[in-house]
Amino acid sequence: MPDLSLPDITLHYEVEGSGPPLILLAGMLSDSASWTPLVEALAQDFTVIRPDNRTTGRTTPWDAPVSIKAMAEDARALMAHLGHDRFHVAGHSMGGRMALELYGLAPDQVASISILASGPHKLPRSLAVFDALLAIRQTADGERLWLKALYPWVFAPAFFENPENTDMALEAALNYPHAQTAKAMAHQIEILRNFELSLKLEDVTCPVQVLYAEDDALIPPGPARIAFEPLPNAEHYMIPNAGHSIHWDAPEAVIAQLRGFLASRA
């Protein structure tokens, strides 16, 4: 459970496996644990590195200055600390934007980018969803209610066919010892409110794959596909039967796509 001291935060991260380095960047409200369904398989072929983004997990303090670019700078500092001068990047949702910002900071170091259930643009509806979830969380019994309100936005329809899935996910989230607090959640939401990608997609010349979730309600794949069109070296794939939590709804499909894409670029 190592930590890296940076000027304004102590960055927690996890490292598993061996092989070419692959850093996994988590999305909104998530930390390194969000990658659990993929880690064991990917660690067979890669050195898998998972930081806790600012405001999440065991990275402290929770109220350090935060932006997507700042978190990309943290990732770059982490890879330098670990001695990786060239590496692959995969990011989910907000982490996909972080991956692009990381490329902008270190284009000669990023060997490839994998973007999962993300979009390069600010989405007012997503911001409205997170604002509403935070408001629910701040009510009586809000810690349970906001999670129940979140799940239809992030999981595929099949998740709800078994009522026990919601109960199991809810109990796991409520018992997770490093869960993001409501104050930290509010702090991180400002990322979305202030987000502007600092580079042009046309300038991203490394290999890129974009994985869309067929049933993504939070970042619909149609508009996201159009927004990513300017990427010059991108491969686009639709993952069926998956919602925004693409790597939880369809881990085997995501693992297969990542392995296939990275195999020729390792």
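The values are calculated or read from the model by the stated rules, or taken from the named source; none is laboratory data. Just so it is clear, the model here is predicted, and its values are computed rather than measured. Glycine gets a Cβ as well: all are built from the backbone with ideal geometry, and neighbour counts include every protein chain shown.
Do we have residue 205 as of a type in the set (S, T, N, Q), within 17 Å of residue 136 (Cβ to Cβ) and either modelled with pLDDT of 95 or more or crowded, with 16+ Cβ neighbours inside 10 Å (or both) here?
In short, no.
Is it the case that some residue within the range 54-73 is surrounded by 17 or more Cβ atoms within 10 Å (Cβ to Cβ), β-branched (Val, Ile, Thr) and within 15 Å of residue 14 (Cα to Cα)?
Yes, the range 54-73 has at least one match.
Being charged (D, E, K, R) and outside any loop (DSSP other than H, G, I, E, B) is the filter here; which residues of the range 218-236 pass it? Don't jump to the end; show me each part of the working.
Of all residues in the range 218-236, those charged (D, E, K, R) come to 225, 229, 235.
Selection gives 225, 235.
Does any residue in the range 200-224 that is under 17 Å from residue 92 (Cα atoms) and free of Cβ contacts under 8 Å to residues at least 60 places away in the same chain come within less than 6 Å, Cβ to Cβ, of a residue that is assigned to a strand (DSSP E or B) and hydroxyl-bearing (Ser, Thr, Tyr) six or more places away or on a different chain, and which pairs are these?
As it stands, the answer is 221/212, since those pairs meet every condition given.
Where in the range 44-145 are there strands (runs of 3 or more DSSP E), lying wholly inside it, with at least 1 residues that are among the hydroxyl-bearing types (Ser, Thr, Tyr)?
In the range 44-145, the matching strands (runs of 3 or more DSSP E) lie at 47-51, 110-116.
Just the residues that are within 14 Å of residue 84 (Cβ to Cβ) and touching an Asp or Glu at 6+ places or on another chain (Cβ under 6 Å), please, taken from the range 19-33.
The answer is 19, and nothing else.
Kindly provide the set of residues from the range 242-260 that are closer than 26 Å to residue 173 by Cβ and either small (Gly, Ala, Ser) or more than 19 Å from the chain's Cα centre (by Cα) (or both), ordered by number.
Within the range 242-260, 242, 243, 245, 250, 253 qualify.
In the range 1-54, how many are in contact with a His (Cβ under 6 Å, 6 or more places away or on another chain) and charged (D, E, K, R)?
2
For the range 11-27, give me the residue count where each residue is part of a loop (DSSP other than H, G, I, E, B) and surrounded by 23 or more Cβ atoms within 10 Å (Cβ to Cβ).
Count: 2.
If you scan the range 28-43, which residues turn out to be among the hydrophobic types (A, V, I, L, M, F, W, C), part of a helix (DSSP H, G or I) and under 10 Å from residue 56 (Cα atoms)?
Selection gives nothing.
Take the conditions within 16 Å of the chain's Cα centre (by Cα) and either under 24 Å from residue 123 (Cβ atoms) or surrounded by fewer than 17 Cβ atoms within 10 Å (Cβ to Cβ) (or both) and apply them to residue 89. Does it pass? Working first, answer last.
Values: within 16 Å of the chain's Cα centre (by Cα): yes; either under 24 Å from residue 123 (Cβ atoms) or surrounded by fewer than 17 Cβ atoms within 10 Å (Cβ to Cβ) (or both): yes.
Considered against the rule, which asks whether it is within 16 Å of the chain's Cα centre (by Cα) and either under 24 Å from residue 123 (Cβ atoms) or surrounded by fewer than 17 Cβ atoms within 10 Å (Cβ to Cβ) (or both), residue 89 comes out as yes.
Any residue that is of a type outside the set (Asp, Glu), at pLDDT 95 or above and under 18 Å from the mean Cα position of the chain (by Cα) - is there at least one of those in the range 4-11? Quick ask: steps written out before the conclusion?
At the first step, the residues of the range 4-11 found to be of a type outside the set (Asp, Glu) are 4-7, 9-11.
In the following step, the residues that additionally are at pLDDT 95 or above were identified as 4-7, 9-11.
Then drop every residue that is not under 18 Å from the mean Cα position of the chain (by Cα), which leaves 11.
Checked against the condition, which is being of a type outside the set (Asp, Glu), at pLDDT 95 or above and under 18 Å from the mean Cα position of the chain (by Cα), the range 4-11 yields at least one hit.
Is the range 237-253 home to any residue that is surrounded by fewer than 21 Cβ atoms within 10 Å (Cβ to Cβ), part of a helix (DSSP H, G or I) and without any contact (Cβ under 8 Å) to a residue 24 or more places away in the chain?
Checking the range 237-253: at least one residue is surrounded by fewer than 21 Cβ atoms within 10 Å (Cβ to Cβ), part of a helix (DSSP H, G or I) and without any contact (Cβ under 8 Å) to a residue 24 or more places away in the chain.
Run residue 206 past the list (1) of a type in the set (A, V, I, L, M, F, W, C); (2) assigned to a helix (DSSP H, G or I); (3) over 24 Å from residue 249 (Cβ atoms) and report the number of the one that doesn't hold.
(2) is the only condition that residue 206 fails.
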